[in-house]
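The values are calculated or read from the model by the stated rules, or taken from the named source; none is laboratory data. Quick caveat: nothing in here was measured; it's all calculated off a predicted structure. Please note: Cβ atoms are built from the backbone with ideal geometry, for glycine as well, and neighbour counts cover all protein chains shown.
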Amino acid sequence: MKSIMDLMKHDKQFLIGFLMLIFIIFFSLLSFFSPYDPQDRYVVQRDLPPSAQHILGTNSLGQDVFWFLTFALKNSLIIGILAVVLGRIVAIIIGLLSGYIGGTFDRVITTITDSFIVLPRLPILILLSFILKGNLNFINMALLLAFFDWAWPSKRYRSQILSLKEVEFTNTARFSGRKIYEIIFKEHIPFLIPYIMADAISGFLFAIGMEITLSVLGLTNLDIPTIGTTIFWANYYQSMLKGTWWWISSPIVVLIITVLGFYLLSVSISTFLDPRIRIQSKKTGDK
Amino acid sequence: MNNTNKLISVRNLTKIFSRGSILFKTYILAVNNVSFEIEMEKPEIFTLAGESGSGKSTLARMLLGLVEPTYGTILYKGKDIVQITNTKNWMWFTKEVQPIFQNPFETFSPLNRVEDYLYDTARNYKMIPKNTDKNSFLKEYLNIFGLSYDEIKGKYPHEFSGGQLQRLSIARALITNPSLLIADEPVSMIDASLRMSVVNLFKELKNRFKVSVIYITHDLATAYYISDKIAIMLRGNIVELGPVEKVLDDPLHPYTKLLKQSIPEPTIETQWDEEIKLSTVEEKEFSLSGCKFAGRCPYVMEICKTQEPEEISVDGRNIKCHLYKKS
Amino acid sequence: MKNLESLVKVENLKAYYFSNVYGNERTIKAVDDVSFEIFNNEILGIAGESGCGKTTLLKVLLGITKSPLSIVGGNVIYKLDQEEKNILSFSNGELRNIRWKVVSYIPQGSMNVLNPIRKIKDTFKDFMETHRPDISKDDFDTLIKDYLRSLGLPLEVLNSYPHQLSGGMRQRVTIALSTLCRPKIILADEPTTALDVVVQRGVLQLLKKIQKEEENTLVVVSHDMGIHAHISDRVAIMYAGKIIEIGPKKEIFTNPLHPYTKYLISSLPKLGDKSFKSSIPGSPPPLSNPPKGCRFHERCPESTPMCEKEEPSLVDMGEGHKIACFFVPKGGKV
């Protein structure tokens with residue numbers, strides 16, 4: 001807790017990012033209090049501008065934009081988080097195995113990883129979404145996104161492990177009677193954490209961005225409210241031309257806040273966790 | 001020869017590194033046919049002295065089981081340590097033999113508290129009863145070294161000076177009650193004026209705790225101060241080995257003589273007069289076919305350039321030099 | 001005695017580091033009121049344990065005062081072209097003009113500063129192009145080769161990459177590089193740390209040779225008194241940001257006055273001597289919070305109550321030998 005207080009006091013980026021994050025979470029939690037079910041259509045008057053009754057107005061499908069958005073944001077966040085968690089777990093496992101086992105196993109895995117990295121993700125995702133359209137629920141969406149986002153981070157973890165294997169304190173740990181799993185978790189993983197954090201956030205943004213791209217192109221399950229599908233329907237009903245600007249701009253604003261908030265958080269957290277900075281703040285003497 | 005009498009017995013130990021790709025490989029003979037031994041009954045401090053590139057660090061790593069030798073055997077208390085692969089034997093071995101590394105700041109992870117290493121070592125090797133309180137154990141143990149636990153509590157490696165941290169590294173190594181310490185350049189990263197506190201500790205280890213030490217260094221002054229026997233290494237070969245007073249008071253091998261003369265003693269009486277030649281490209285010296293010192297030796301003869309000298313015994317020491325061959 | 005023409009005057013120099021990491025504010029008084037002179041045609045040694053401020057002192061002598069380091073007070077006056085100028089007030093352009101040509105710097109660990117993907121000769125050529133644009137490119141080759149030959153360095157290093165050379169050879173190449181423009185002052189920070197004994201001797205011999213031939217000034221920073229015994233003409237001992245003793249080498253080694261200096265010398269083992277030696281008890285004080293009074297009083301065997309309250313200043317003991325101590329100048333009386 002003290003660290004968070006420290007960060008908030010001294011790092012403006014963290015403060016702003018943190019506030020944005022609180023806002024996002026709060027906003028998506030509001031969905032539990034929604035008086036409207038997002039699957040219902042034509043429950044209110046259509047195309048009304050923002051007013052006291054409908055904070056963000058209503059859309060052409062007869063839904064309250066504000067409450068619909070709370071669901072949209074919540075679902076987008078869930079997809080993003082699922083994709084990131086799945087992707088990172090795979091990346092960490094493969095990166096660690098590859099780094100520790102080495103030899104032929106490492107060479108084979110690296111070749112596979114490299115092939116994944118050069119895949120052009122967007123065209124393939126478009127193709128796959130087209131094929132799977134109907135079956136793209138949450139889980140599948142997250143799995144699909146995770147499938148394309150584990151390769152690059154796993155290389156980074158692997159190279160960290162390779163250098164950590166050679167470092168002297170690994171030997172000290174072996175002569176201190178530490179078992180292999182203790183060494184991995186107590187000695188090495190703490191060095192990986194800044195990278196995992198920074199990766200996680202960029203992975204999250206990739207997942208959300210990709211979901212939006214695919215939805216806007218109409219390739220996902222359009223019945224599930226997400227930021228992307230909101231934008232799709234707004235475009236479909238030509239919200240910009242019709243003048244119902246509140247329908248298309250509100251998901252975009254929410255998206256920008258989300259992206260900015262996570263980005264600022266990731267930058268300030270990974271600086272804070274960087275072992276070198278942590279060491280400096282503990283150093284006493286200097287030349 | 002009765003091997004079980006020896007604490008450690010090294011025979012024909014050799015390590016060859018290969019560099020380069022599949023097509024163009026060069027081989028470096030990092031350690032060449034090294035043999036020596038340390039008795040079990042009397043603890044002793046055995047110095048491996050040499051400059052960088054002499055192979056002493058590689059040798060140290062082989063003795064610790066961290067690097068596999070290419071040829072040769074290392075018998076510790078009669079057991080071949082190259083054969084140690086399973087956990088039980090590894091725990092036995094690491095309880096008996098402990099390392100002290102050169103850079104105290106790399107010896108501990110900068111993200112872990114130093115005291116945790118000490119406490120964990122004690123627990124893992126069952127040196128203390130299972131539920132011993134960390135505070136009381138560390139207080140008592142560190143007292144033996146004249147260190148106060150309060151000064152160390154909760155601190156990370158960078159909060160200590162090099163000398164303090166190295167002493168803690170030694171304290172950690174002694175928790176398992178080892179019979180042999182392998183110290184790889186333990187004082188080279190500490191200021192010259194602070195080295196004695198660590199070096200004196202090694203002397204005490206031998207006298208009070210009955211621990212033998214293989215002390216690896218390029219600093220002959222501290223070697224003279226604490227060792228019983230010394231082996232001078234050059235490009236992977238032991239060129240002179242014997243009791244430290246003999247070897248350093250009256251060196252026979254030209255390389256030993258050069259090492260001795262180059263020590264910067266803090267007095268103005270002895271000043272360097274002759275200019276010396278330094279080696280240029282390391283690999284070149286390694287690939288010389290004869291004696292590795294032939295390129296720089298002031299007494300070089302024709303045979304030195306083509307034939308490697310064999311080990312012979314002269315005046316109570318083992319020496320590899322054509323100058324002393326009795327023909 | 002050699003020609004005592006003053007080249008650099010340091011007057012009451014104070015250089016501190018100010019750092020602020022996540023609310024952790026610290027002031028590190030690395031150089032705290034230091035005054036001394038550097039003469040022409042001499043080798044001045046600066047001795048002291050790690051963390052006493054020696055490296056910072058060198059940086060300031062070179063005019064490197066980038067944040068978090070800043071000059072809090074004092075002057076560094078160079079004698080340039082018969083004029084005395086305080087380089088602390090120089091602009092970046094003026095500083096660039098004197099670097100490498102008037103004063104050059106061999107930093108710690110400089111054997112690792114060579115560009116690993118360029119051959120040595122290319123690194124030399126780059127250097128020449130930047131700092132001696134007056135010389136035509138055709139003359140580069142001959143100039144470099146002649147210089148290396150005069151230093152006794154084998155010409156084959158030019159065609160090598162840094163990793164092919166040993167640490168000692170790299171260090172000597174760096175020395176050659178930094179003295180190529182024949183500077184008046186060479187500042188060498190621990191030029192032989194991490195080098196073996198024999199290589200160390202070779203590097204020190206090279207430095208000595210350059211100094212002798214050019215008749216310029218060499219300032220050598222090292223924690224090893226043995227090195228000073230062999231190479232320096234005068235030695236200044238630094239402790240916790242202050243100079244506590246300075247004098248000709250002969251004086252310092254045959255008649256060390258300050259208790260710290262005595263410790264520095266006696267704590268080094270000598271060949272042929274197995275008698276007990278001990279290092280200085282305790283450890284150097286943190287520069288962020290130096291003790292009041294004489295900085296050494298906590299570790300000093302002769303400490304008196306006055307030592308805890310007041311700071312001694314440098315007292316001249318004759319023959320250029322100065323010492324900052326309350327105890328010794330009074331004939332060792334308490």
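What about A:Arg178, is it under 25 Å from B:Ile100 (Cβ atoms), charged (D, E, K, R) and either in a helix (DSSP H, G or I) or more than 8 Å from chain B (Cβ to nearest Cβ) (or both)?
no
In the set (1) within 14 Å of another protein chain (Cβ to nearest Cβ); (2) in contact with a Leu (Cβ under 6 Å, 6 or more places away or on another chain), the condition left unmet by C:Glu25 is number (2).
Suppose we filter B:Gly72, B:Gly55 for residues that are out of contact with any Ser or Thr (no Cβ under 8 Å at 6 or more places or on another chain) and within 22 Å of B:Glu310 (Cα to Cα); which single one remains? None of the others qualify; the one that does is B:Gly55. Restricted to region A:6-121, the set of helices (runs of 4 or more DSSP H) holding at least 1 residues that are in contact (Cβ under 8 Å) with a residue 12 or more places away in the chain and farther than 30 Å from A:Phe148 by Cβ comprises A:12-29, A:65-101. Helices (runs of 4 or more DSSP H) fully within region B:53-110 that include at least 2 residues being at the interface with chain A (Cβ under 8 Å from one of its Cβ atoms): B:87-96, B:104-107.
Here region B:41-61 is the region considered, the condition is being touching a helix residue (DSSP H, G or I) at 6+ places or on another chain (Cβ under 8 Å) and within 13 Å of B:Glu185 (Cα to Cα), and the residue that is surrounded by the fewest Cβ atoms within 10 Å (Cβ to Cβ) is B:Ser52.
For region B:18-32, the criterion of a residue being within 19 Å of the chain's Cα centre (by Cα) and either without any contact (Cβ under 8 Å) to a residue 12 or more places away in the chain or more than 23 Å from B:Lys320 (Cβ to Cβ) (or both) is satisfied by no position.
Being in contact (Cβ under 8 Å) with a residue 12 or more places away in the chain, over 30 Å from C:Gly168 (Cβ atoms) and surrounded by fewer than 19 Cβ atoms within 10 Å (Cβ to Cβ) narrows it down to one residue among B:Leu147, B:Leu142, B:Leu138, B:Leu118; which is it? Walk me through it before giving the result.
Numbers: B:Leu142 fails: surrounded by fewer than 19 Cβ atoms within 10 Å (Cβ to Cβ); B:Leu138 fails: surrounded by fewer than 19 Cβ atoms within 10 Å (Cβ to Cβ); B:Leu118 fails: surrounded by fewer than 19 Cβ atoms within 10 Å (Cβ to Cβ).
Unique residue meeting the criteria: B:Leu147.
Please specify each residue of region C:288-334 satisfying the condition of being over 26 Å from C:Arg234 (Cβ atoms), among the charged types (D, E, K, R), in contact with a helix residue (DSSP H, G or I) (Cβ under 8 Å, 6 or more places away or on another chain) and assigned to a loop (DSSP other than H, G, I, E, B). Scanning region C:288-334 gives a single hit, C:Lys292.
When you scan region B:216-247, how many residues do you find that are of a type in the set (D, E, K, R), over 14 Å from B:Ile319 (Cα atoms) and buried (at least 24 other Cβ atoms within 10 Å of the Cβ)? Qualifying residue count for the region: 1.
So that you can scan it fast, the table gives a plain yes or no per residue for (1) closer than 29 Å to C:Asp81 by Cα; (2) buried (at least 21 other Cβ atoms within 10 Å of the Cβ); (3) at the interface with chain B (Cβ under 7 Å from one of its Cβ atoms):
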site	(1), (2), (3)
C:Val157	no, yes, yes
C:Arg170	no, yes, no
C:Leu180	yes, no, no
C:Ala188	yes, yes, no
C:Leu195	no, yes, no
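Residues in region B:292-326 that are basic (Lys, Arg) and buried (at least 16 other Cβ atoms within 10 Å of the Cβ): B:Lys292, B:Arg296, B:Arg317, B:Lys320.
Name the one entry in C:Leu57, C:Leu62, C:Leu44, C:Leu69 that is under 15 Å from the mean Cα position of the chain (by Cα) and within 14 Å of chain A (Cβ to nearest Cβ). Within the list C:Leu57, C:Leu62, C:Leu44, C:Leu69, the selection yields C:Leu57. None of A:Leu136, A:Leu96, A:Leu192, A:Leu164 is surrounded by 15 or more Cβ atoms within 10 Å (Cβ to Cβ) and under 30 Å from A:Ile227 (Cα atoms) except A:Leu136.
Listed here are the residues, each with its yes/no results for (1) out of contact with any helix residue (DSSP H, G or I) (no Cβ under 8 Å at 6 or more places or on another chain); (2) modelled with pLDDT of 80 or more; (3) within 21 Å of C:Leu204 (Cα to Cα); (4) not hydrophobic (A, V, I, L, M, F, W, C).
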position	(1), (2), (3), (4)
C:Leu114	no, yes, yes, no
C:Glu129	no, yes, no, yes
C:Ile135	no, no, no, no
C:Leu143	no, yes, no, no
C:Asp146	yes, yes, yes, yes
C:Leu153	no, yes, yes, no
C:Val157	no, yes, yes, no
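With a requirement of 3 or more residues that are at pLDDT below 90 and on the phi > 0 side of the Ramachandran plot, none of the strands (runs of 3 or more DSSP E) lying completely within region B:213-314 satisfies it.
Tell me the residue from C:Ser91, C:Ser35 that is touching a strand residue (DSSP E or B) at 6+ places or on another chain (Cβ under 8 Å) and surrounded by fewer than 22 Cβ atoms within 10 Å (Cβ to Cβ), please. Please lay out each step first, then the result.
Numbers: C:Ser91 fails: touching a strand residue (DSSP E or B) at 6+ places or on another chain (Cβ under 8 Å).
None of the other options fit; the residue is C:Ser35.
Out of curiosity, is B:Val213 surrounded by 23 or more Cβ atoms within 10 Å (Cβ to Cβ), within 27 Å of B:Lys95 (Cβ to Cβ), within 11 Å of another protein chain (Cβ to nearest Cβ) and of a type outside the set (D, E, K, R)? For B:Val213, the condition - surrounded by 23 or more Cβ atoms within 10 Å (Cβ to Cβ), within 27 Å of B:Lys95 (Cβ to Cβ), within 11 Å of another protein chain (Cβ to nearest Cβ) and of a type outside the set (D, E, K, R) - is not met.
The set of residues from region A:248-279 being modelled with pLDDT under 85 and touching a Ser or Thr at 6+ places or on another chain (Cβ under 8 Å) comprises A:Ser266, A:Phe272, A:Ile277. Within region B:169-193, being surrounded by 24 or more Cβ atoms within 10 Å (Cβ to Cβ) and not in a strand (DSSP E or B) holds for B:Ser169, B:Arg172, B:Ala173, B:Ile175, B:Pro186, B:Val187, B:Ile190, B:Asp191, B:Ala192, B:Ser193.
Note on region C:157-201: residues that are within 19 Å of C:Phe127 (Cα to Cα) and in a helix (DSSP H, G or I) total 14. Taking (1) buried (at least 17 other Cβ atoms within 10 Å of the Cβ); (2) more than 16 Å from the chain's Cα centre (by Cα); (3) at pLDDT below 85 in turn, C:Asp81 satisfies each apart from (1).
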